[in-house]
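Asks: Structure provided below as structure tokens; questions to follow.
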Amino acid sequence: MIVVHELAHLKEKEHNKAFYSLCKHIEPQYHQLEFDVRLYLTYMDISKRI
Ligand SMILES: [Zn+2]
């Protein structure tokens, strides 16, 4: 997901609608992957506080 994100940044500098449609073009599962990464980062953040 991070690779797709960075690749999309080569064409679109901002996180706009064109950026996300480009992400989806490269990786149709992009939104699911981004959700998974966010979930993982949230989990890491929580586990640091325990
Ligand atoms: Zn970005």
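Asks: State the three equivalent ellipsoid semi-axes of segment 2-49, derived from the C-alpha gyration tensor as the square roots of 5 times its eigenvalues, in descending order and whole Å. Intermediate results must be reported in sequence, preceding the final value.
Replies: Values: eigenvalues 118, 25, 13 Å².
Those come to 24, 11, 8 Å.
Asks: Return the sequence-ordered ³J(HN,Hα) values of segment 16-30 in whole Hz as given by the Karplus equation 6.51 cos²θ - 1.76 cosθ + 1.60 applied to θ = phi - 60°, using x for Gly and Pro.
Replies: 10, 4, 4, 4, 5, 5, 5, 4, 5, 5, 6, 9, x, 8, 3
Asks: Also, quick follow-up: Return 39, 22 ranked ascending by Cβ neighbour count within 10 Å, so the fewest neighbours appear first. Could the numbers behind the result be given before it?
Replies: Numbers: 39 10, 22 20.
Lowest count first: 39, 22.
Asks: Right, something else. What does the charge dipole of the chain about its Cα centre add up to, to the nearest 20 debye, if the Cβ of each Lys and Arg holds +1 and the Cβ of each Asp and Glu holds -1? It would help to have the intermediate numbers written out before the result.
Replies: On the way: 7 positive and 7 negative charges, 25 e Å.
Dipole about the Cα centre, nearest 20: 120 debye.
Read-outs: derived from the displayed coordinates by stated rules, not from any lab. Keep in mind that what you see is a predicted model, and the values were worked out from it rather than measured. FYI the Cβ positions are ideal-geometry reconstructions off the backbone, even for glycines, and counts take in every protein chain you see.
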